[in-house]
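Undergrad: Sharing a structure here in structure tokens format.
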Amino acid sequence: MTYQEQGERLAGSVKPTSGPFVSLGRMIFNFTVDTFTVAELEARKLNHDATELITRAVQPALWLLIFGEVLAQIRAIPTGQISYIDFMTPGILAQSVLFIAIFYGIAVIWERDLGILHKMLASPAPRAALVLGKALSAAERGLSQAVIIYVLAILIGVNINWSPLSVLGVLAVVILGSSLFSTFSLIIACIVRTRERFMGIGQILTMPLFFASNAIYPISIMPAWLQAVAKGNPLTYEVDALRALMVIGGTSTYGLLLDLIALVGGTAIMVIAAARLYPRVVV
């Protein structure tokens with residue numbers, strides 16, 4: 001299915017409702033259909049190019065198998081009751097999700113150049129549904145990274161928590177993290193509107209977000225100014241939740257409730273902002 005056909009399918013997938021009085025249930029149903037239609041169309045791209053999953057596995061493998069194993073031998077970073085490799089694995093999962101999601105907005109610029117974005121914006125689907133659908137498609141890629149990280153973790157002997165609730169919690173956090181950073185990426189794409197500028201800004205943002213978090217070292221060893229930055233970094237709360245859920249003996253510094261509030265609240269704010277800016281990318 002070509003991009004043009006996908007756009008035409010979306011444009012015809014939702015019919016305008018008749019009459020001014022629409023029940024709340026019908027509105028929610030239509031919004032859900034619109035959202036999952038976009039997510040399904042985006043998932044087709046991944047199915048057509050599965051090699052992306054293989055190339056995305058290289059970076060986390062290098063971090064875990066080389067960087068993680070070396071620092072685990074040095075034992076220079078205090079990690080409490082768990083080993084350094086156990087401490088680091090949830091952070092590398094969060095990093096992998098971040099690196100995929102933060103560059104997701106470039107797809108919007110490609111869709112604009114191909115003309116498919118014009119068809120999406122001409123459909124009766126709410127802008128928030130279009131944005132949320134793309135966020136869910138980014139979450140699909142994030143979940144694929146979770147599978148890769150779990151396989152690597154088994155190979156290097158990480159003490160994984162296999163409790164069904166913990167695994168489901170990890171998947172939920174990955175979905176939220178992917179959605180948050182992918183919609184942030186869409187906002188950037190709507191503002192800069194060119195691939196070259198987008199790639200430059202994306203590269204500038206990824207490493208500061210990663211290193212100004214608790215992904216590979218605890219916040220307690222950071223200088224005071226960096227601790228303040230880390231506490232305002234949503235990646236910190238994603239890592240904190242993953243560390244409590246993913247590994248045996250892992251704990252949450254801020255509490256799972258606060259972690260989830262930060263991720264859900266951040267995602268909601270990003271979706272609303274991206275929905276307002278989304279039409280600007282075609283201007």
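Undergrad: Just tell me the longest site-free run in the chain, where the sites are chymotrypsin sites (Phe, Trp or Tyr not before Pro) in a DSSP loop having at most 15 other beta-carbon atoms within 10 Å. Numbers along the way, then the final one.
TA: Details: sites that count: 21, 162.
That gives 22-161 as the longest site-free run.
Undergrad: Nearest 500 deg cm²/dmol is fine: what mean residue ellipticity at 222 nm does the chain get from its DSSP H runs of n ≥ 4 alone, each adding -39,500 (n - 2.57), divided by its residue count? Don't jump to the answer; show the numbers that get you there.
TA: Numbers: 14 runs with 206 residues, N = 283.
So the calculated ellipticity at 222 nm is -23500 deg cm²/dmol.
Undergrad: Could you state the angle between the C-alpha long axis of helix 84-102 and the longest principal axis of the C-alpha atoms of the chain, as a value from 0 to 90 degrees rounded to the nearest 10?
TA: 20
Undergrad: Still on this model: If eta is 0.692 mPa s and T is 37 °C, what Stokes-Einstein diffusion coefficient results for the chain, Kirkwood Rh from Cα pairs, in µm²/s?
TA: Values: Rh = 19.7 Å.
D = 167 µm²/s.
Undergrad: Something else: Place +1 on the Cβ of every Lys and Arg and -1 on the Cβ of every Asp and Glu in the range 86-213, take the dipole about the Cα centre, and give the residue among 146, 87, 198 whose Cα lies farthest towards its positive end.
TA: Checked the options; the winner is 198.
Undergrad: On a 0 to 90 degree scale, rounded to 10, what angle separates helix 24-48 from the longest Cα axis of the chain?
TA: 70
Undergrad: If you don't mind, another one. Please report the base-10 log of the normalised intensity I(q)/I(0) for the range 156-277, using a Debye sum with one equal scatterer per alpha carbon and no solvent, at each q in 0.12 (1/Å).
TA: The calculated log intensity ratios at q = 0.12 Å⁻¹ are -0.50.
Undergrad: With springs only between Cα atoms under 10 Å apart, run a GNM on the chain and tell me which of 168, 155, 263 wobbles the most.
TA: Highest fluctuation among the options: 155.
Undergrad: Would you mind telling me which residue in 97, 151, 264 has the biggest mean-square fluctuation in a Gaussian network model of the chain, where springs connect alpha carbons within a distance under 10 angstrom?
TA: Checking each option, the largest mean-square fluctuation is seen for 151.
Undergrad: For the chain, give the magnitude of the charge dipole about the Cα centre (Cβ charges: +1 Lys/Arg, -1 Asp/Glu; no others), in debye to the nearest 20. Working shown, then result.
TA: Details: 19 positive and 16 negative charges, 131 e Å.
Using Cβ point charges on Lys, Arg, Asp and Glu, the chain gives about 620 debye.
Undergrad: Taking springs between alpha-carbon atoms closer than 10 angstrom, which of 91, 265, 250 fluctuates most in the Gaussian network model of the chain?
TA: Of 91, 265, 250, the most mobile in the Gaussian network model is 265.
Coordinate-derived values only; no laboratory data. Since the model is a prediction, treat every value here as computed from it, not as a measurement. Note that each Cβ is placed from the backbone with ideal geometry, even for glycine, and that neighbours are counted across all protein chains shown.
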